[in-house]
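The values are calculated or read from the model by the stated rules, or taken from the named source; none is laboratory data. As the structure is a prediction and not an experimental result, all values here were calculated from the model. FYI the Cβ positions are ideal-geometry reconstructions off the backbone, even for glycines, and counts take in every protein chain you see. Each accessible area value is taken on the protein alone, full model and side chains, heavy atoms only, with ligands, DNA and RNA left out. Shrake-Rupley method; radii C 1.70, N 1.55, O 1.52, S 1.80 Å.
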Amino acid sequence: MLHRVGTRERVAALLDRTGALAGLMRVRRFVPVPTLAIVTYHHITEQDGRYAFDPDVADATPAQFRRQMETLARHCTVVGVDDVIAAIEGKALPSNPVLITFDDGYRSCHDTALPILRAVGVPATFFIATAFTTERRIYWWERIALLLSSTKLDHATLSYPHPIAVHVRAPGMRRALTDIVKDTASLDLERFLTELTTALEVPWSREIEARHASELIMTWDQIRAVAAAGMDIGSHTRTHRVLQTLDEAALDDELGGSKADLERELGRPTLAVAYPVGRTIAEVPKIRQAIDRAGYRIGMSNASGVNRMWPQVLRGMLPVDRFDIRRLSTDRTMSDAMFFTQVALPGLSYISKFNR
């Protein structure tokens, strides 16, 4: 694999300009082992210097996203969750299958992505972190970003979960704080966020947070509208906690609880879950058992790569792990040629440092 994005971009541009990518996709239509590519998005928006939220979450501008969807519609067969489950159970996929997914539940999924998907004529799957929708609270990484961009202080100190010097303007500070949430086992998240808010002296209340949530996060009515438009809805847990940091009771609440939330609000089964931050759970029996216990049929990581859907006769030797389905990251710095390249040639795929 080529590791430098600049090198990959140059190779992608050459392959696209010469028509090699389109030719490869035509050839792949006749390959007996379909390669299922799953592309991952979070938030589709324009950004300017006044944007106060996490700048790393937006994967594409609206115009960029439309071009990418048009590319997939032209060269691939866009499938849904039911197709993936059927393929895992032995049914053949169509040629050049691709699944389009969104994590979290940003309002731009309804306001921006949905109209583009409908105009291009392709479906997508939206994985929802349900507690934020119900409680009208903003995602914990967005709260961290907002606090850092809003405070008038340059420095602060935290005591939980251990002493932390917060250097507000330091490069990497936001990343360091979000990593605490991602990596600390059994973290009391509310305690951590409350202490950070107090230390940075930023005014905060449930009313203030609800206003931010209205700007950022879909309501249940909007999620129902997305579902009514023919899109799949899946789980992204309740509070977007990294599964590897949770004990068994918390796993059951995050996984089973979010599934119950979705089924109550949408009135249909929830079959798929995407893991927050996207770390693979292939070798973590405790998490696999919790996913199975909750009743999911498939689970998706953000371990960069595609999925070889081998014929049923070979599945005994080359099994497909239904709880470790791989996806491809996207990023707004990615060129159109690079986007197409990672679907056609996943060995050159972009690996995001900012998985949500």
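Look at (1) over 21 Å from Val242 (Cβ atoms); (2) touching a Leu at 6+ places or on another chain (Cβ under 6 Å) and you find that Ser149 fails only one, number (2). Filtered by the rule that a residue be touching a residue at least 12 places away in the same chain (Cβ under 8 Å) and open to solvent by 30 Å² or more (accessible area, probe 1.4 Å), the stretch 50-74 gives Ala52, Pro55, Asp56, Thr61, Pro62, Arg66, Arg67, Glu70, Ala73.
Checked against the criterion of being among the small types (Gly, Ala, Ser) and over 25 Å from Ala58 (Cα atoms), the candidates Ala176, Ala170, Ala210, Ala185 yield just one match: Ala185. Each residue in the stretch 14-49 was checked for being in a loop (DSSP other than H, G, I, E, B) and either open to solvent by less than 40 Å² (accessible area, probe 1.4 Å) or more than 19 Å from Leu348 (Cα to Cα) (or both), and 13 pass.
Checked against the criteria, Met69 does not count as over 28 Å from Ala131 (Cβ atoms), touching a His at 6+ places or on another chain (Cβ under 7 Å) and not polar (S, T, N, Q). For the stretch 287-335, which residues satisfy the criterion of being in contact with a Gly (Cβ under 6 Å, 6 or more places away or on another chain) and either open to solvent by 20 Å² or more (accessible area, probe 1.4 Å) or of a type in the set (Lys, Arg) (or both)? Passing the criteria: Ala294, Gln312, Arg326. Being among the β-branched types (Val, Ile, Thr), modelled with pLDDT under 90 and closer than 21 Å to His42 by Cβ is a property that does not hold for Val273. Can you confirm whether Ala228 is more than 20 Å from the chain's Cα centre (by Cα), within 30 Å of Val284 (Cα to Cα) and of a type in the set (Gly, Ala, Ser)? In short, no. With respect to being closer than 30 Å to Ala156 by Cα, touching a Ser or Thr at 6+ places or on another chain (Cβ under 7 Å) and in contact (Cβ under 8 Å) with a residue 24 or more places away in the chain, Thr280 falls outside the description. Selection of the stretch 117-153 for residues being out of contact with any Asp or Glu (no Cβ under 9 Å at 6 or more places or on another chain) and under 24 Å from Gln47 (Cα atoms) yields Leu117, Arg118, Ala119, Trp140, Leu147, Leu148, Ser149, Ser150. Restricting attention to the stretch 42-71, the residues being out of contact with any helix residue (DSSP H, G or I) (no Cβ under 7 Å at 6 or more places or on another chain) and over 15 Å from Thr333 (Cα atoms) number 3. Any residue in the stretch 128-136 that is out of contact with any strand residue (DSSP E or B) (no Cβ under 9 Å at 6 or more places or on another chain) and over 22 Å from Ser301 (Cα atoms)? Scanning the stretch 128-136 turns up at least one residue that is out of contact with any strand residue (DSSP E or B) (no Cβ under 9 Å at 6 or more places or on another chain) and over 22 Å from Ser301 (Cα atoms). Evaluate the stretch 325-347: report whether one residue or more is among the β-branched types (Val, Ile, Thr), within 22 Å of Ile287 (Cβ to Cβ) and at pLDDT 90 or above. So far as the stretch 325-347 goes, yes, one or more of its residues are among the β-branched types (Val, Ile, Thr), within 22 Å of Ile287 (Cβ to Cβ) and at pLDDT 90 or above.
If the Cβ limit is 6 Å and pairs must be 6+ apart or interchain, which residue in the stretch 80-93 that is under 11 Å from Val320 (Cα atoms) pairs with which residue that is part of a helix (DSSP H, G or I) and open to solvent by 10 Å² or more (accessible area, probe 1.4 Å)? Pairs that qualify, where the first residue is under 11 Å from Val320 (Cα atoms) and the partner is part of a helix (DSSP H, G or I) and open to solvent by 10 Å² or more (accessible area, probe 1.4 Å), are Gly90/Gln312. In the set Val202, Val181, only one residue is modelled with pLDDT of 95 or more, among the β-branched types (Val, Ile, Thr), within 24 Å of Glu135 (Cα to Cα) and assigned to a helix (DSSP H, G or I); that residue is Val181. Residues in the stretch 52-70: is at least one over 23 Å from the mean Cα position of the chain (by Cα) and acidic (Asp, Glu)? No, because not a single residue in the stretch 52-70 is over 23 Å from the mean Cα position of the chain (by Cα) and acidic (Asp, Glu).
When the residues of the stretch 75-92 are filtered to those that are more than 20 Å from the chain's Cα centre (by Cα) and open to solvent by 40 Å² or more (accessible area, probe 1.4 Å), the one that is modelled with the highest pLDDT is Thr77.
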